[in-house]
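Below you'll find the structure, written out as structure tokens, and then a few comments.
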Amino acid sequence: MRLTMMMRDTEYRDALIGMIADLDKDVLIEIAGTGSVRRDSVILTDILPSEIEKRSLDRIKGRTVFLTQVNAGKADPECSILFKYSSLQAIMAELALVWSEWSGDCGTITASSRVIAVTGESDQLSSLRCRTLAGQIAYRHGGSILMIPLGYINDYRIGSDTEDSAWFRKLMYFIDEGRDYMPESFTHTDSYGISCLRLPGGINPLTALGQSHLSGLIQSMSRHYDTLILDIGTCFSEMNLKILSNADNIIFFGCGRRIENPAEFIGNIRPEKLVNISGTDAGEEARGIDDFISETYGRTDQKKNDS
């Protein structure tokens, strides 16, 4: 992405350039005055739409993010206006969204995705197990990975609840309208390249979606990621049971105290899809995850051996 900054607040601008440079090396930044700017870049400015002559505004508003010091709403619904002191993640997400809408570049589309549903006898360690699984897949196999929580409580929250609620609503709007988007705008990604949806913490809004909307979300995200990990935990709703039956693989973590045979309640599934990882310590679970990855993705990763 090519970015032009047209800022009055030069101290803020310079600090932001440093943070963006540390965060994303693929953003090319140039500084411009109030004159003409490149035709192949998006614009970030603290000059508001109301201060720009209409003819000039019409030429740039489709590729510009306007920063405001107060939440005064949008004077023009076609303009992208963001609070100046939003998080860096929110600013970059807004820029990526404007870039994809304006340039038509919506990122790499993955031809297909492996969907792994994770469930078990307890919610307490479910997200930790999913993160462990994702980390091992990233290390052993590579590829892009997205984790989606499907339990009643979302404990994957990273950013601001207010910002993430707004971005989730925007994502569902894009999916419902069949519009393309850059997934980076709607996810958080850690230093290992593992992503999770931007969702508010606490009550998980995904559990309030209907079957068609949730299926649409999973199908849409599967176009952008090599592996989807669906954290179901103990949320065995009718909707999640359907998701379990349609997943490529199902990993069940248990100790046999409450559920001896998970296939009985999951329903009509092929036996080879279900992996039952039972153990009383972390070592046994780690070995079970390692065996699953070896059988699913191959015994070795040549890149690791070469290094």
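Read-outs: derived from the displayed coordinates by stated rules, not from any lab. As the structure is a computational prediction, the values presented were derived from the model and not from experiment. Neighbour counts run over all protein chains shown; Cβ positions are idealised from the backbone, glycine included.
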### Query
Toward the positive end of the charge dipole of the chain, about the Cα centre and with charges on Cβ (Lys, Arg +1; Asp, Glu -1), which of ASN249, TYR85, SER41 goes farthest?
SER41
### Query
Per-residue ellipticity at 222 nm for the chain, helices alone: DSSP H runs ≥ 4 residues times -39500 (n - 2.57), over residue total, nearest 500 deg cm²/dmol?
-11500 deg cm²/dmol
### Task
Would you mind checking the tilt of helix 88-103 against the longest principal axis of the Cα atoms of the chain, expressed as 0 to 90 degrees and rounded to 10?
80
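Sort 171-179, 139-147, 90-98 for me by packing, meaning the mean count of neighbouring Cβ atoms within 10 Å per residue, highest on top.
In descending order of packing, they fall as 90-98, 139-147, 171-179.
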### Query
For ALA286 and ASP155, what is the calculated FRET efficiency with R₀ set at 25 Å and r taken between the beta-carbons, to the nearest 0.05?
0.75
## Note on the structure
Sorted on mean Cβ neighbours within 10 Å (highest first), peptides 81-87, 1-7 come out as 1-7, 81-87
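With both partners inside the chain, how many of the DSSP beta bridges are antiparallel, as a percent to the nearest 5?
Roughly 10 percent of the DSSP beta bridges within the chain come out antiparallel.
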### Query
Can you list residues whose amide H is under 5 Å from ILE29's amide H, if they're 5+ apart or on another chain and H is modeled 1.01 Å from N?
LEU3
### Message
Is the C-alpha gyration tensor of the stretch 2-103 telling us rounded, prolate or oblate? Criteria: a/c under 1.5 is rounded; beyond that, a/b larger than b/c is prolate, otherwise oblate.
### Response
rounded
#### Entry: Under 12 Å, Cβ to Cβ, from ILE148 - net charge with Lys/Arg +1 and Asp/Glu -1
0
### Task
Round to the nearest 10 and give me the degree value, 0 to 90, for the angle of helix 282-297's Cα axis relative to the longest principal axis of the chain.
80
### Query
Considering the chain as a Gaussian network with a 10 Å cut-off on Cα pairs, which listed residue, CYS255, CYS196, CYS130, attains the greatest mean-square fluctuation?
CYS255
### Query
When the Cα centres of the stretch 119-140 and the stretch 224-245 are compared, how far apart do they sit, in Å?
13
### Summary
Per 20 angstrom bin, beginning at 0 and ending with the bin that holds the maximum distance, the Cα pairs of the chain fall in percents of 30, 50, 19, 1
### Task
Using only Cα atoms, find the angle between the long axis of helix 10-23 and the longest principal axis of the chain, and express it within 0 to 90 degrees, rounded to the nearest 10.
30
